[in-house]
Amino acid sequence: MTDGARLATQPGVRPREAATHCPYCALQCGMVLRETAGRVEVAPRDFPTNRGGLCQKGWTSAELLDHPDRLTTPLLRDRPGGELRPASWDEALDRVAGGLRAIQERHGPDAVAVFGGGGLTNEKAYALGKFARVALGTRHIDYNGRWCMSSAAAAGLRAFGVDRGLPFPLADLGRADTLLLVGANPAETMPPLMRHLADQRERGGRLIVVDPRLTATARQADLHLQPLPGTDLAVANALLHIALTEGWLDRAYVADRTTGFDEVRRTVAGCWPAEAERLSGVPVADLEATARALATVDRAVILTARGAEQHAKGVDTVTAFINLALALGLPGRPGSGYGCLTGQGNGQGGREHGQKADQLPGYRRIDDPAAREHVAGVWGVDPAALPGPGVPAYQLLDSLGTPHGPRALLVFGSNPVVSAPRAARVESRLRDLDLLVVADFLRSETADLADVVLPVAQWAEEDGTMTNLEGRVLRRRALREPPPGVRTDLAVLAALAARLKGGAPSYREMHNKGPFLTPEEAFPADPRAVFAELRRASAGGPADYAGVSWDRIDADTGVFWPCPDEDGPDSPRLFTDRFPTPDGRARFRAVTHRPAAEPVCADYPLHLTTGRVLAHYQSGAQTRRVAALRRAAPGGFVELHPDLAGRLGVAEGEEVRVVSRRGELRAPARLSPAIRPDTVFAPFHWPGAARANSVTNDAVDPVSGMPEFKICAVRVEKA
């Protein structure tokens, strides 16, 4: 532990140096923050995930701490259409609490909704879920992680009995003889991860990338499969078909550790590689080479990411790759297995502790009576008083302001005006609300629509924990206090709970049925106290944090869940002996390819797919304000194959319109042979005319609620 880390863990000491983690992706790269004469500098830290590396976003992350756009006072809108004006905290919180109380008294507890984020700390995600269900008594809470990890999570739960993005340490990637990346571009989305892929290459390992674009990652691959977007499921079933016909299955593993393979065998027997080639465009020879590379080595890893998952059949697509991994006997073996690359900084922990519509802390199901009884006991309320499951994120947002939907929304750590599918429709729904409250440290596009904006602390101004893509619980350490006028999210929730006491009907009725806790007891602003309660609430659940303490994290490089005993071992590698299912076996599940929700036609003859670029992150509300990142990627673009551009008469840099049935985006054309001629690509970081999600499809996966971000039918024309 560095001296800065020691200082950060001593109560009352204001450190000038803090060993912490990057505020962006789920790699959670280790870094050190140093403050000298008011200036904060970033230095890399040797940590298992990044091993001393940082990407451009991490290097520049401290620039936002003192950015001129930083919010330092609450903002209020006095009337619809009026301007936001500065206000005191008392005025702002009274406005919020009074508005929530009036709306619930008129329309019922479910007239208020909460929308969280995958970048919130574990403590804040836990407190937000508790606040929704106890202080507000509403079933309506979900978060933007629904658009990131939900399909992989649902597939993992039904196959393995647990959802942990990587059920093995990240270092296993470097030990794999063959690594298959499906819909992942870590060279741009999490560059320090490429150090592990470099280890794999140095050992003589083979990298195979499945992606419709020749990305920076695909250019480093030994083999690049370039399918039509939305056909990954057909590719996966064809790979298993080949392994089956060639006799490459691990029959002992299938017999001893799995169930349900006979149905999968019958299904994939008809998934001919030639048919997969017709559907996807991937040559049979490449499918055969991929299957051979996975099945004839000692160690192989299959990883999926958003390219495979952000579809209306994302759960089935991930399931098909899990079926392949199980048939080859990969999960539970060192240097082998299936995993998914979590995207958001706390995408893993954010979905484990209660801000997801159907979950309670510890990854418990909210409709499970035993789970409700356990969590209600920790919260000091009657289990019967807890609301039932809510609805997934897009369904929630699409119902806002409608006769049967919520009339008020509280947003923490998200910017759905840019990040939601069919974004113009979502923006309209937000405008229809009686009350929109946004807690943020910058004035995002969503905050611009709010009736109340609450300025909250940044990552370097508060302590807490995050859970990275490996299921490793980490410590985020504060470098300094928030600026005057700024409060932490936990302090905001505590203050609102205090104002709602005895006022909001749901809060009063909840506590009339169980042991009463004061708001200060129920909603502490101290993150250490919140984490202590989180440990009790998660105890015995699938994501058991009972044995994880801040001190234990500080003494090592984090703690892997499940960890039920503070004196016992944690779990860096899952599935070595059994799966957390009732019989200890993994579940095969037969799945078949089906077309995208929106086929191309004469009016919309092209496929649009979306994604990220190296310099920016998510909705761009943060990275678009960093000068170096803005110079590296100043605006949106539309990537076209030169052959397509030629047919359209479009030159490099010329503005084009991409039009779907839902809207349009306008951005300069970028000509590249890296994209398929039948597909166009747009990054989703920009608002306004270049907003990619103005055109994306809001069709959702029936299991996970994941929208079909990665494919829709469009036409392209000169602007």
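Are any of the residues in segment 75-97 among the hydrophobic types (A, V, I, L, M, F, W, C) and either part of a loop (DSSP other than H, G, I, E, B) or closer than 30 Å to residue 171 by Cα (or both)?
At the first step, the residues of segment 75-97 found to be among the hydrophobic types (A, V, I, L, M, F, W, C) are 75-76, 84, 87, 89, 92-93, 96-97.
Then keep just the ones that are either part of a loop (DSSP other than H, G, I, E, B) or closer than 30 Å to residue 171 by Cα (or both); that gives 87.
Yes: segment 75-97 contains one or more residues that are among the hydrophobic types (A, V, I, L, M, F, W, C) and either part of a loop (DSSP other than H, G, I, E, B) or closer than 30 Å to residue 171 by Cα (or both).
Restricting to segment 60-76, name every residue that is open to solvent by less than 30 Å² (accessible area, probe 1.4 Å) and more than 30 Å from residue 614 (Cα to Cα).
Those that are open to solvent by less than 30 Å² (accessible area, probe 1.4 Å) and more than 30 Å from residue 614 (Cα to Cα): 74, 75, 76.
Criterion first (of a type in the set (Gly, Ala, Ser), open to solvent by less than 10 Å² (accessible area, probe 1.4 Å) and over 23 Å from residue 280 (Cβ atoms)) does residue 719 satisfy it?
no
Check segment 586-594 and report whether any residue there is open to solvent by less than 60 Å² (accessible area, probe 1.4 Å), in a loop (DSSP other than H, G, I, E, B) and on the phi > 0 side of the Ramachandran plot.
no
So which residues in segment 13-37 are over 21 Å from residue 456 (Cβ atoms) and open to solvent by 30 Å² or more (accessible area, probe 1.4 Å)?
Hits for segment 13-37 are 13, 16, 17, 34, 36, 37.
Filter segment 350-380 down to the residues that are β-branched (Val, Ile, Thr) and either part of a strand (DSSP E or B) or open to solvent by less than 10 Å² (accessible area, probe 1.4 Å) (or both) and list them by number.
Passing the criteria: 366, 375.
Mind checking which residues of segment 178-223 are more than 24 Å from the chain's Cα centre (by Cα), farther than 24 Å from residue 283 by Cβ and among the aliphatic types (A, V, I, L, M)?
Within segment 178-223, just 198 meets the criteria.
Residues in segment 576-590: is at least one among the small types (Gly, Ala, Ser) and more than 26 Å from residue 350 (Cα to Cα)?
yes
Looking at 620, 653, can you tell me which residue is in contact with a strand residue (DSSP E or B) (Cβ under 6 Å, 6 or more places away or on another chain) and on the phi > 0 side of the Ramachandran plot?
Testing whether each residue is in contact with a strand residue (DSSP E or B) (Cβ under 6 Å, 6 or more places away or on another chain) and on the phi > 0 side of the Ramachandran plot leaves just 653.
Would you mind stating whether residue 300 is in contact with a strand residue (DSSP E or B) (Cβ under 7 Å, 6 or more places away or on another chain), within 21 Å of residue 183 (Cβ to Cβ) and buried (at least 23 other Cβ atoms within 10 Å of the Cβ)? Can you show your working first?
Details: in contact with a strand residue (DSSP E or B) (Cβ under 7 Å, 6 or more places away or on another chain): yes; within 21 Å of residue 183 (Cβ to Cβ): yes; buried (at least 23 other Cβ atoms within 10 Å of the Cβ): yes.
Yes: the conditions hold for residue 300.
Output the residues belonging to segment 638-657 that are in contact (Cβ under 8 Å) with a residue 40 or more places away in the chain, surrounded by fewer than 20 Cβ atoms within 10 Å (Cβ to Cβ) and in a loop (DSSP other than H, G, I, E, B).
Scanning segment 638-657 gives 649, 654.
Out of the residues in segment 674-689 that are assigned to a loop (DSSP other than H, G, I, E, B) and in contact with a helix residue (DSSP H, G or I) (Cβ under 6 Å, 6 or more places away or on another chain), state the one that is nearest to residue 607 (Cα to Cα).
By that ranking, first place goes to 677.
Looking at 99, 145, 129, 119, which one is touching a residue at least 12 places away in the same chain (Cβ under 8 Å), within 29 Å of the chain's Cα centre (by Cα) and open to solvent by 10 Å² or more (accessible area, probe 1.4 Å)?
Criteria check complete, one pass: 119.
Filter segment 162-175 down to the residues that are in a loop (DSSP other than H, G, I, E, B), under 18 Å from residue 51 (Cβ atoms) and open to solvent by 10 Å² or more (accessible area, probe 1.4 Å) and list them by number.
Correct list: 169 only.
Quick check: is even one residue across segment 146-159 farther than 20 Å from residue 575 by Cα, part of a helix (DSSP H, G or I), among the hydrophobic types (A, V, I, L, M, F, W, C) and out of contact with any Leu (no Cβ under 6 Å at 6 or more places or on another chain)?
yes
Does segment 340-349 contain at least one residue that is touching a residue at least 24 places away in the same chain (Cβ under 8 Å), out of contact with any helix residue (DSSP H, G or I) (no Cβ under 8 Å at 6 or more places or on another chain) and open to solvent by 10 Å² or more (accessible area, probe 1.4 Å)?
no
Okay, residues lined up against (1) closer than 29 Å to residue 312 by Cβ; (2) not aliphatic (A, V, I, L, M):
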residue: 159; (1), (2): yes, no
residue: 165; (1), (2): yes, yes
residue: 173; (1), (2): no, no
residue: 202; (1), (2): no, yes
residue: 209; (1), (2): yes, no
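What number of residues within segment 240-283 are in contact (Cβ under 8 Å) with a residue 60 or more places away in the chain and open to solvent by 70 Å² or more (accessible area, probe 1.4 Å)?
The qualifying residues number 2.
For segment 31-43, check the following and say yes or no: at least one residue is within 20 Å of residue 400 (Cβ to Cβ), in contact with a helix residue (DSSP H, G or I) (Cβ under 6 Å, 6 or more places away or on another chain) and of a type in the set (A, V, I, L, M).
No: zero hits.
The values are calculated or read from the model by the stated rules, or taken from the named source; none is laboratory data. Not measured: the values here are computed from a predicted model. For neighbour counting, all protein chains shown are included, and Cβ atoms are generated from backbone atoms with ideal geometry for every residue, glycine included. For the accessible areas, the whole protein counts, side chains as well, though only heavy atoms, and no ligand, DNA or RNA atoms are used. Shrake-Rupley method; radii C 1.70, N 1.55, O 1.52, S 1.80 Å.
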